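Reading through the structure tokens given below for one structure.
The values are calculated or read from the model by the stated rules, or taken from the named source; none is laboratory data. In this text the structure is predicted, and so the values were computed from the model without any measurement. With ideal geometry, Cβ positions are generated from the backbone for all residues, glycine too; neighbour counts draw on all protein chains shown.
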Amino acid sequence: MILDPTQRTAADTLATLLDRRGRPRKRHRGVYLHGRPGRGKTTVADRFFADVASSRKRRFHFHAFFAALHTATHELGSIDRAVAALLGDADLVYFDEFHVDDIGDARLVTRLLDTLFAQHRTLVVTANHPPADLLPNPLFHHAFVPTIERILAHLDVLALDGPLDYRTLGARRDSGFLAGRYVIGAGEPSADPGTDLDLGAGRTVRARTAGTGAAAFDFAQLCGAPTSAADYLRLTSRFGHWTLHAVPPLRAVEPDPVMRLVNLVDILYDADLPFTIHAPEPADELTAGVPGIPHLARTASRLGELRSVRAT
């Protein structure tokens, strides 16, 4: 891969975190990479992570880490013990798609970062937004400002935000997330009673179909129901190919179901599982005119990578 100038600058900055033997430097400032979707943040950070010559490193997709953190905190009775269990002996910790959108999560993020900084673990973060834009809700943003200031004190902030969205170049694969399709023509919700899938704690979600390794859902049943990112992560262990039917124009949908779609696409993309979506219009139109939904541009970019076909 040939890096563009902004990607090269980011790669060179990340390289300063390692000594001549490729091991994390002790008590070194970390790096916070931010920029719009498709600019190569994850690609550059993943390449750096692979080059770290140490087993004492951990990479987490932030959705997955937070789901595990909630579970471990409940099981161990302490967020500090949960963080210790998840991070182990890592000298270098890398969070992909770092974000803070909810005040409840903000409190956990603050505790997590305080632990990482106090223990002098080197931290690498990729994000769509600069630290100042974390927890953007004006009702709560002021409460997170002290944590933003600690981020700035411990991490070098670098924009990786070149002019080109590399996902628009039309790369095609026959495996993983891109093996799915974007079917233009939403169709109707299924009239079949479907199958209830267990989410734990007495909760279920209705699938249109669920078989060996594959599941299909109606948007109203999966994203319209009170499901969470942790639920989607749990289901990825059972189903390796996902289909979502009857997705309406998102500008006509309440914010919570749209946010659930954002989380779903994030999780399936990170897990690199084939995803087929049936919607009435192309991805850029599907997501247009939807105000106040964090990371929706990332969702549009990822859906835009799928091979587009017309329903027959």
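Scanning the stretch 62-77 finds one or more residues that are under 14 Å from the mean Cα position of the chain (by Cα) and either among the hydroxyl-bearing types (Ser, Thr, Tyr) or closer than 21 Å to Leu152 by Cα (or both).
Return the only residue of His74, His63 being at pLDDT below 95, closer than 30 Å to Arg111 by Cβ, touching a Phe, Trp or Tyr at 6+ places or on another chain (Cβ under 9 Å) and part of a helix (DSSP H, G or I).
Numbers: His74 fails: touching a Phe, Trp or Tyr at 6+ places or on another chain (Cβ under 9 Å).
Of the residues listed, the single one that is at pLDDT below 95, closer than 30 Å to Arg111 by Cβ, touching a Phe, Trp or Tyr at 6+ places or on another chain (Cβ under 9 Å) and part of a helix (DSSP H, G or I) is His63.
With respect to the conditions (1) closer than 21 Å to Asp270 by Cβ; (2) surrounded by 12 or more Cβ atoms within 10 Å (Cβ to Cβ), Thr195 lacks only one, and its number is (1). Determine whether the stretch 155-172 contains at least one residue that is in a helix (DSSP H, G or I) and among the hydrophobic types (A, V, I, L, M, F, W, C). So far as the stretch 155-172 goes, yes, one or more of its residues are in a helix (DSSP H, G or I) and among the hydrophobic types (A, V, I, L, M, F, W, C). Residues that are touching a residue at least 60 places away in the same chain (Cβ under 8 Å) and over 15 Å from Ala229 (Cβ atoms) within the stretch 248-274 comprise Pro248, Asp272, Pro274, listed in sequence order. The residue of the stretch 78-101 that is farthest from Asn137 (Cα to Cα), among those that are surrounded by fewer than 15 Cβ atoms within 10 Å (Cβ to Cβ) and in contact (Cβ under 8 Å) with a residue 24 or more places away in the chain, is Asp89.
For every residue, the table says whether it meets (1) in a helix (DSSP H, G or I); (2) on the phi > 0 side of the Ramachandran plot; (3) more than 19 Å from the chain's Cα centre (by Cα); (4) in the same structural domain as Ala15 (by TED's automatic domain parsing).
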site	(1), (2), (3), (4)
Phe95	no, no, no, yes
Asp101	no, no, no, yes
Ala106	yes, no, no, yes
His120	no, yes, yes, yes
Val125	no, no, no, yes
His129	no, no, no, yes
Asn137	no, no, yes, yes
His142	yes, no, yes, yes
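With respect to the conditions (1) modelled with pLDDT of 95 or more; (2) buried (at least 18 other Cβ atoms within 10 Å of the Cβ); (3) not assigned by TED's automatic domain parsing to the domain that holds Tyr32, Leu155 lacks only one, and its number is (3). Out of curiosity, is Gly104 touching a Ser or Thr at 6+ places or on another chain (Cβ under 8 Å) and over 24 Å from Lys57 (Cα atoms)? No: the conditions fail for Gly104.
In the set Leu178, Leu197, Leu235, only one residue is touching a residue at least 12 places away in the same chain (Cβ under 8 Å) and either over 18 Å from Phe275 (Cα atoms) or part of a strand (DSSP E or B) (or both); that residue is Leu197.
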